[in-house]
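Each remark here refers to the structure printed beneath this line.
Taken together, the values in this text are just the output of simple stated rules run on the coordinates, not laboratory data. Treat the numbers as computed from the prediction; the structure is a model and nothing was measured. For neighbour counting, all protein chains shown are included, and Cβ atoms are generated from backbone atoms with ideal geometry for every residue, glycine included.
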Amino acid sequence: MSGEIRLEIKNLTLGFGNLVALSDVNLQLRRGEILGVIGPNGAGKTCLLNCISGFYKPQKGQILYQNKDLLKIPAHTISQLGISRTFQNVELYTGLSSLDNLLAARHIHIQYGLLSALFHFGPSMREEVKHRRAIEDIVKLLEIEDIRDHVVGSLPYGLRKRVELGRALVQEPEILLLDEPMAGMNVEEKEDMARFIIDINELKGTSVMLIEHDMGVVMDITHRIAVLDFGNKIAEGTPEEIKENPVVINAYLGKA
Amino acid sequence: MESRKQDLDTIPKLLHNRALEYGRHQIAMRKKDYGIWNEYTWQDVYEHVKNIAYGLLSLGFEKGDKITIIGDNDPEWFWAEWAAQSLGGAAVGVYIDCIPSEVKYYIEHSDSTFVFARDQEQVDKILEIHGQLPKLKKVIYWDPRGLWFYDTSKAVAMKVLEDLGQKHAEDHPDLFEKFLSQGKEDDIAVFCYTSGTTGLPKGAMLSHRNLLYAVGVLEQYNRFLPMENYLSYISPAWLTEQILGLCGGVLIPLVLHFPEKPETVQVDIRDIAPHIIFYGARLWESLASTIQVKITDSTPLKIFFHNLALRISHKKLEAKEKGEKIGLLLEILHRLADFIVFRPLRDRIGFTKNKVGYTAGAAISPDMMRLFHAIGINIKNLYGTTEASLISLHRDDDIRYETIGVPFEGCEVKISEEGEILVKSGGVFVGYYKNPEETAKVLKDGYYHTRDAGLFDRGHLVYLDRVDEMIELSDGKKFSPQYTEIRLRFSPYVRDVMVFGGEGKPFVSALLNIDYDNVGKWAERRKMTYTTYIDLSQKKEVRDLLKGIVEKVNSVLPEYARIKAFVSLHKEFDADEAELTRTRKLKRKPIEERYKEILTGIYEKKESIKVESQVAYRDGRVGMVRTEIIVNYLN
């Protein structure tokens, strides 16, 4: 992949007290690529994502996106810039329907003001229709038509994860951060999810940063992989290179 | 029917006439997409059909060519089929879950030159076998998701085909109308492949005359009003949908509704509240068990009222069956029960406006028919075969649950000495494609030999079983395993069952499949823990549950036909393992062969049997399962 660099992480260091979660990490995400981030538990993968999406404030370093340092802007503006994410433990409104969850995430694109929303016709109506249409595209893509009106709290785990991916997608992000989208899924659900990620990447050209423990999936669908271990980036390369890399084998994949 | 003129003797001609008659003023179809119902007027439908037909012509379709269609019920399926029929061609419908080798057989055997496929999954199946199909000119798909980068020399989108058609139409105006006027009622309209309980599927050819006849006879027993709502749900690969949806939709005409996806039908049906519903017997069965399970899951108060209402309703039905006068009190109570319990219940399942529900395909248990009538659903047995089309049906005021109704006027039915049902009518098919020997075997002296065993009882036809499935027991008495099976399947806890007896089998025995969902819920309510299907199926409590169900059915059977031993099987019968047909009928020989060891064990009166069986997992992998299953004996 030789796409232009869209997101650049420079010398990122994050600590909690004496505990170093990330130490001097450098990483680039290029246009249209799927970048896998792997590493043992506690390696700092989720911390990395939390830094990008503004949950954590690291002590040192920069995260550059569209000529802005994401660490210097408020967290809620990051999704407006075009970065969306999913969470390791699903974070949806459990009392709302799938559709409402998706609609809620669409707020960043809504143009009309409070006054026109009060009179629900004309421009605000037209906009609502436009947004619903965009959401239905995602509903179709993720094949969740049959649970459109189901309350999220009543859905099985695999489907909740799908709705959560949907919520990230309706924001039409340029960069998608996925935190273990396949954890706790059976083989069939994993295959579906992998297919969706590939579709999103190919159809919309979305760059994806994927944290995942299932090595089969990571090796299959990513273009490049970065390996973290105790907060340090120990390797980076194509799936083939990573499979052969002795440092990685030692730290993570296990000795043959 | 009044509006049918003499010269409108094919379905496409009727469609043309509808477009002239209703144009853009009447809705012909509704398809749920993007969560909303999209409407197509008669003019829209006609234009799509015309464009597709021109498109096919531009790609080399010739008069009499066949097309194969594989997909769910979508407007596009209907358009493609009507387009082919407009050009004097015929359509072959294929079930969406067929594997590539089956699809290949249908395309190859029917000499199809074009295939219409729903989506990427179906297109992939055909591209996999594309090289082995020299006659195939093009694959056309109507859901382009994921197919943008496919080789267009092999597969194109329906949109592209229609654009091609529009261009072709500019160069050849009136060509379509010329084709249309050349159509004759004896032209073959569809090939319906018989489900193949025995041997390779045979392609039964049905003409426009056959299909129009079938809709005509339905109207003898039910008055349809134009523009009533119809839910197109059962696959058009099955003749019944060809009759009601594809032919009746234009002839009556109906407003055809297409669910968003098969999975969403429960929601979609509530939006539509169709007047006419056609479900296969198995679908009614699963609807009944869904209702039963949902009710058992609800609050004690609701259960109490439901049971009370059901008792009142059954009492009224009983009185009606006996021909007694229904007392005023009972009538009032029934109205009340209907208002408080059954109306909301019918609303929940989308039956608020329903006038009639047909069931066909396999026998349905009388108890279940009674249950549906009790909750106010007018369900009727419709009897027919692929080759003889529709044969008999219940009249509105003359429904007897144990029969398959009264033969239609103009449909001659007689019972042969062997006990076989023979039929002569305008619905009897033209013949099997490329198979005159088989055709001659079943068509003798103008009668179609159904191979169904039946008898007449006070004017009603009673279906017993397939002639070949009637089993002579060791004491010479004949019994029908299917008769017992449907009664067992009425229990929500029994998903499938096959009953054995006859030669080399001193008594009647059965293999049962528990219904994993329902038995699972039952177990959860009793705070029982279980891991897998295998584990659950062998639990003592579950086996006792099954024993009770078997005993109950036994009590209505004659002594010689009662089940003496049964096994709760460690796996479900599976169409992918050739144990069931795609319409979920049992494939008896393969099942008997496969579970030979278990059967031997039962007849050797063993306590338990060790089994090792190959299972296909949902993701396609194949594995081995070793377990021990217990034989349950009844006194």
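Observations on the model:
- Percent RCO, i.e. relative contact order, over chain B, from Cα pairs under 8 Å lying at least 6 residues apart: 9
- Residue by residue along A:140-150, Cβ atoms of other protein chains within 10 Å of the local Cβ number 4 on average.
- Rounded to whole Å, sorted largest first: equivalent-ellipsoid semi-axes of chain B, Cα gyration tensor: 41, 30, 25
- For chain B, the longest principal axis of the alpha carbon atoms and the long axis of helix B:158-171 meet at an angle near 30°.
- Taken over the alpha carbons of segment A:67-110 as equal point scatterers, the Debye sum produces base-10 log I(q)/I(0) values at 0.15, 0.21, 0.23, 0.26 Å⁻¹ of -0.49, -0.84, -0.94, -1.05.
- Compactness of segment B:70-131 was expressed as the Cα radius of gyration divided by 2.2 N^0.38 Å, which yields 1.07.
- In this label model, residue B:395 and residue A:137 are separated by 5.9 nm, measuring between points 7 Å along each Cα→Cβ vector.
- Spacing of the two label points (7 Å from each Cα toward its C-beta) at residue B:578 and residue B:474, in nm: 3.1
- Least to most buried among B:145, B:626, B:584 (fewest other Cβ within 10 Å first): B:626, B:145, B:584
- Ranked by how many other Cβ atoms sit within 10 Å of their own Cβ, fewest first, the residues B:392, B:474 fall in the order B:474, B:392.
- Among A:129, B:215, a tally of other beta-carbon atoms within 10 Å of each Cβ gives an order, fewest to most, of A:129, B:215.
- Tilt relative to chain B, helix B:300-321 - C-alpha long axis, 0 to 90 degrees, to 10: 80
- Cα-based Rg and Dmax for segment A:5-129, where Dmax is the largest Cα-Cα distance (Å): 18.2, 57
- Rounded to the nearest whole Hz, the Karplus-based 3J(HN,Hα) values (6.51 cos²θ - 1.76 cosθ + 1.60, θ = phi - 60°) of segment A:77-83 follow the sequence 8, 5, 5, 5, 6, x, 10, with x at glycine and proline.
- Taking 7 Å steps out from each Cα toward its Cβ at residue B:622 and residue B:182 produces label points 4.8 nm apart.
- GluC sites (Glu not before Pro) restricted to DSSP loop in segment B:528-635 with at most 12 other C-beta within 10 Å: B:604, B:607
- Highest mobility in the GNM of chain A, judged by mean-square fluctuation with C-alpha springs under 10 Å and restricted to A:133, A:106, A:224, is found for A:133.
- Note on segment B:134-214: semi-axes of the ellipsoid equivalent to its C-alpha gyration tensor, largest first and rounded to whole Å, are 29, 24, 11.
- Here is the P(r) of chain A: all C-alpha pair distances, binned every 10 Å from 0, give 7, 29, 35, 21, 7, 1, 0 in whole percents.
- In plain terms, the chain from residue B:128 to residue B:412 could stretch by 97.6 nm, reckoned as 0.36 nm per residue minus the Cα-Cα distance.
- Cα long-axis angle, helix B:281-296 against chain B (0 to 90 degrees, to the nearest 10): 50
- Cross-linked pairs B:104/B:596; B:540/B:564; B:552/B:610; A:45/A:68; B:380/B:521; B:138/B:184: Cα-Cα separations exceed 20 Å for B:104/B:596; B:552/B:610; A:45/A:68; B:380/B:521; B:138/B:184.
- Helices in chain B, meaning DSSP H runs of at least 4 residues, each add -39500 (n - 2.57). Divided by all residues, the mean residue ellipticity at 222 nm is -11000 deg cm²/dmol.
- Normalised convex hull volume, segment B:176-303, alpha-carbon set, Å³ per residue: 176
- When each of A:10/A:204; A:140/B:261; B:13/B:50; B:202/B:441; B:31/B:63 is checked by Cα-Cα distance, pairs over 19 Å: A:10/A:204; B:31/B:63
- Long-range HN-HN contacts of residue B:394 with modeled amide H, under 5 Å: B:381, B:406
- Kirkwood estimate for the protein assembly as shown, i.e. one over the average of 1/r between Cα atoms, Å: 30.9
- Each DSSP beta bridge with both residues in the protein assembly as shown is either parallel or antiparallel, and the antiparallel ones are about 60%.
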